[in-house]
There are 2 protein chains.
Amino acid sequence: MENKTVAMYVAQPIEWTDRGVVMLDQRRLPSEEISHTYTDYREVARAIREMVIRGAPAIGVAAAMGVALGVLHSPATSVDELRAEFPRICDVIAKTRPTAVDLFWALERMKARFAELAAQSDLHKIKQALVAEARQVHLEKKATDEAIGRYGAEFMPREGQVMTQCNAGALATAGIGTALGVIRVAFEQGKKIHVLVPETRPYLQGARLTAWELHRGGIPLTLITDNMVGHFLKTGKVGAVVTGADRIAANGDTANKIGTYQIAVLAKENNVPFYVAAPISTFDLSLPDGSHIPIEERSAAEVTHIQGVRIAPDVPAANPAFDVTPASYIAAIFTERGVAKSPYTQSLRSLASEKASA
Amino acid sequence: MENKTVAMYVAQPIEWTDRGVVMLDQRRLPSEEISHTYTDYREVARAIREMVIRGAPAIGVAAAMGVALGVLHSPATSVDELRAEFPRICDVIAKTRPTAVDLFWALERMKARFAELAAQSDLHKIKQALVAEARQVHLEKKATDEAIGRYGAEFMPREGQVMTQCNAGALATAGIGTALGVIRVAFEQGKKIHVLVPETRPYLQGARLTAWELHRGGIPLTLITDNMVGHFLKTGKVGAVVTGADRIAANGDTANKIGTYQIAVLAKENNVPFYVAAPISTFDLSLPDGSHIPIEERSAAEVTHIQGVRIAPDVPAANPAFDVTPASYIAAIFTERGVAKSPYTQSLRSLASEKASA
């Protein structure tokens, strides 16, 4: 199938510009599209902490750009002064989302680059090189998504419905997205895809973010509630399901947003292939299987309230943020290095070692 | 197991009292428990139309009581005058919820009783007999629920989690409920049941009504979102699922609130028995299977908004109110005449014909 060059809107959760770091305020979506331009790295730190931007890869990009911004506008008049200030900049960024793995990965990368550069004495060149490094981090995230999208698009139906879950889109990755990247590439290739979007309670990332991304991108969609997924997998002629992943164990068991497991079971029951789209950084081969993946339990108030409005009496509520989909329900895993299939213990290790040798 | 006489709160959506017809305003639940006392049948009609009361059996009781109230307070000074007024009272009640089968069943029953009584000339006796008939309708609904509850309770685990869906409780039936009646009887028998309550988007009957009923009745529960049902059926040591039914075809295929089908599939996948609790009036043996059951499609606004607050951009949304669970996923159907098991084509017909001969 030929690649058509269709100019489509892709959400830009973060961009480096001459005016500063521009962030789309995801807290205001979908009702308002408001961007903020930050020229101080402390503003970037606050934006990460207050969830103007969310999604692990996107937070990594924001962290790198925050460090670059801090260095660029540093009052230091010598490399020695900048060397003294640099750890303080990194600390401010580090203290925003303490469990975000991508954030620390990005900080380590910026620190390593600074260590390389600090041997030289040209302050201006150091600043420009760190800005370039942050932009490079962003470009690499984009390239990863594009590769995942190309591998996965081959598995999308030529025509018909595709279901996703939560938001594994541009808003989360700062690229074209993982699961939504696959859908986007397939759509750009001319496949006539219509996306079924579960709203994804309790946080409604499907309704608020995925529906908005697809709508703005011109990709047709239908929003459904989470208890409609079985009905549509049974009656809706769905050609594929594709979701993101938070963590993938060595045997292919995949942790992702709560609700993913039941979609996978219902897909299999109705002979619809269920795919996972995720970068290799999501692999955690130190875990033999999904039973070792810890499940974050969040506040009951997210279930008993919707956008601040109480919807239930004052009763106990459970709120596991993720569930684990056994590998046996997963038809394939799309990564930036290729497609993994069962047996995953072999295919995932093979893809991961390619990365190590690259 | 012995029946313990535990005095438990049972929600009373409607009661006949000396002061008039008392209705609990279900629109205000769970935030407020407000009752209205109606002395004019036109107020009862408006309450049905405006959904102060909902649930097919409860609406049937309200219709019968509305007719009784109209007759009781009729200005007629002779049986002839009452005979002239009676059809107008019935018409006002009939024009409230045009698709509610129980409403028309109740009206036909009150009309038949009136026809029997109108031969006699004592206006006071006619009025009292129609009031007694309406109260009898209510008592029969209660007896049906109690019988379903007793049959079903045997299948509940002695201890552990039970999952339900939507609200098949006292609020819907004006008895102890069907699915929730089963849970209540089992609980009163001393079974240590903990109920998992899916919130049941888009209308949130689980969060608003079932959680409230159980909480008020002292039965322990945990509220979950609809995308958590698979996770808890896999990991939560659930001993049984029990739901209500809107219509049951001759082969046992069962239409019920959207989300029921996927719970049934996930229950089977995890070796949890899935039960349906429903009166024989729910049977529609004229339909060979579930493919003949029409699915009501409701407004997209119920999905894109929650309690008036917009949660999604202005995109298309699907809103099927029901889905169909194939009989192969149903371990048993509890009715007021006994328990139907596979093959349902035989067991349902057998129970239905007992009814006809009763």
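Computing Rg and the Kirkwood Rh from the Cα coordinates of segment A:106-188 gives a ratio, Rg/Rh, of 1.21. Across chain B, the relative contact order, built from alpha-carbon pairs under 8 Å that are at least six residues apart, equals 15 percent. Rolling a 1.4 Å probe over the protein heavy atoms leaves B:K142 with an accessible area of roughly 60 Å². Measuring between their Cα centroids, segment A:165-209 and segment B:217-261 lie 29 Å from each other. Between A:Q161 and A:H194, A:G239, the built amide H atoms are under 5 Å apart, and every one of these is 5 or more places off in sequence or on another chain. The amide H of B:V197, built 1.01 Å from its N in the peptide plane, has B:T222, B:L223, B:I224 as neighbours under 5 Å, considering only residues 5 or more places off or on other chains.
Charge tally for A:N319 (other residues, Cβ to Cβ under 11 Å; Lys, Arg +1; Asp, Glu -1): -1.
Once both labels are positioned 7 Å from their Cα atoms along Cα-to-Cβ, the gap between B:L139 and B:A112 label points is 1.8 nm. Coupling constants for segment A:292-308 follow from the phi torsions by the Karplus curve (6.51 cos²θ - 1.76 cosθ + 1.60, θ = phi - 60°), and in residue order they are 8, 7, x, 9, 5, 9, 9, 5, 4, 4, 5, 8, 7, 10, 10, 6, x Hz; glycine and proline get x. Rounded to the nearest 20, the size of the Cβ-charge dipole of segment B:176-219 about its Cα centre is 40 debye, with Lys and Arg at +1 and Asp and Glu at -1.
When only the Cβ of Lys, Arg, Asp and Glu is charged (+1, +1, -1, -1), the dipole of the protein assembly as shown relative to its Cα centre reaches about 280 debye. The alpha carbons of segment A:24-122 stretch over 49, 25, 17 Å along the principal axes, in descending order.
At R0 = 22 Å, how high is the FRET efficiency between B:E50 and B:E302 if r is their beta carbon distance? Nearest 0.05 is fine. E(calc), rounded to 0.05, equals 0.85.
A DSSP coil position with no more than 16 other Cβ atoms inside 10 Å describes the following GluC sites (Glu not before Pro) in segment B:274-322: B:E296.
A dipole drawn for segment B:252-358 from +1 and -1 charges on Cβ atoms has a positive end, and of B:S350, B:A264, B:F274 the residue lying farthest that way is B:S350. Taking amide H atoms as placed 1.01 Å from N in the peptide plane, the amide H of B:F322 lies under 5 Å from those of B:I258, B:E296, each 5 or more residues away in sequence or on another chain. Helical runs assigned H by DSSP (4 residues or longer) give the protein assembly as shown a calculated mean residue ellipticity at 222 nm of -12500 deg cm²/dmol, each run adding -39500 (n - 2.57) before division by the residue total.
Between copies, A:E50 shows label-point distances of 4.3 nm, shortest first, with the point placed 7 angstrom from Cα along Cα to C-beta. Other residues within the sphere of radius under 12 Å centred on the Cβ of B:G252, judged by their own Cβ, net out at 0 (K and R +1, D and E -1). Farthest toward the positive end of the dipole of chain B, out of B:F322, B:W212, B:V71, is the Cα of B:W212, where the dipole comes from beta carbon charges about the Cα centre. For the protein assembly as shown, the alpha carbon convex hull comes to 173 Å³ per residue, rounded to a whole number.
Pairs of alpha carbons in segment A:256-296 separated by more than 16 Å make up 53% of all such pairs. Looking at segment A:46-109, the GluC sites (Glu not before Pro) that sit in a DSSP loop and have at most 15 other Cβ atoms within 10 Å of their own Cβ are A:E50. Taking the alpha carbon gyration tensor of segment B:155-260, multiplying each eigenvalue by 5 and rooting it gives semi-axes of 19, 16, 15 Å, largest first.
Working note: Karplus 6.51/-1.76/1.60 with θ = phi - 60° gives segment A:100-113 the couplings 7, 4, 4, 4, 6, 4, 5, 5, 4, 5, 5, 5, 4, 5 Hz, where Gly and Pro are set to x. Scattering from segment A:183-323 was approximated by placing one identical point on each alpha carbon and applying the Debye formula without solvent; log10 I(q)/I(0) at 0.09, 0.10, 0.18 1/Å stands at -0.32, -0.39, -1.19. The phi-based Karplus calculation (6.51 cos²θ - 1.76 cosθ + 1.60; θ = phi - 60°) puts the 3J(HN,Hα) values of segment A:198-209 at x, 5, 6, 5, x, 8, 6, 5, x, 5, 7, 9 Hz, whole numbers, x for Gly and Pro. Placing a pseudo-label 7 Å from each Cα along the Cα-to-Cβ vector at B:A321 and B:S353 gives an inter-label distance of 3.4 nm.
Spread over its residues, the convex hull of the C-alpha atoms of chain B is 147 Å³ per residue.
The Cα-based radius of gyration and maximum Cα-Cα distance (Dmax) for segment B:263-358 are 17.7, 56 Å. Charged side chains reduced to their Cβ positions (Lys and Arg at +1, Asp and Glu at -1) give chain A a dipole of some 440 debye around its Cα centre. What does the copy distance list look like for A:Q128, label position 7 Å along Cα→Cβ, in nm and ordered from shortest? When each copy's label point is compared with this one, the spacings are 10.4 nm. The equivalent ellipsoid that matches the C-alpha gyration tensor of segment B:1-77 spans semi-axes of 26, 16, 11 angstrom, in descending order.
Per-residue accessible area (protein heavy atoms, 1.4 Å probe) orders B:D226, B:D122 as B:D122, B:D226, starting from the largest. Here the Gaussian network model covers chain B, with springs between Cα atoms less than 10 Å apart; of B:A331, B:A170, B:A264, B:A331 fluctuates the most. Between B:G66, B:G175, B:G230, the residue with the greatest mean-square fluctuation in the GNM of chain B (Cα pairs under 10 Å linked by springs) is B:G230. Expressed in Å, the radius of gyration and Dmax of the Cα atoms of segment A:225-273 are 11.3, 34. Counting from the shortest, the label point at B:T77, 7 Å from Cα toward Cβ, is 11.0 nm from the same position in each remaining copy.
The values are calculated or read from the model by the stated rules, or taken from the named source; none is laboratory data. Quick caveat: nothing in here was measured; it's all calculated off a predicted structure. Here Cβ is always computed from backbone atoms with ideal geometry, including for glycine, and neighbour counts include all displayed protein chains. With ligands, DNA and RNA removed, areas are computed over all heavy atoms of the protein, side chains included. Shrake-Rupley method; radii C 1.70, N 1.55, O 1.52, S 1.80 Å.
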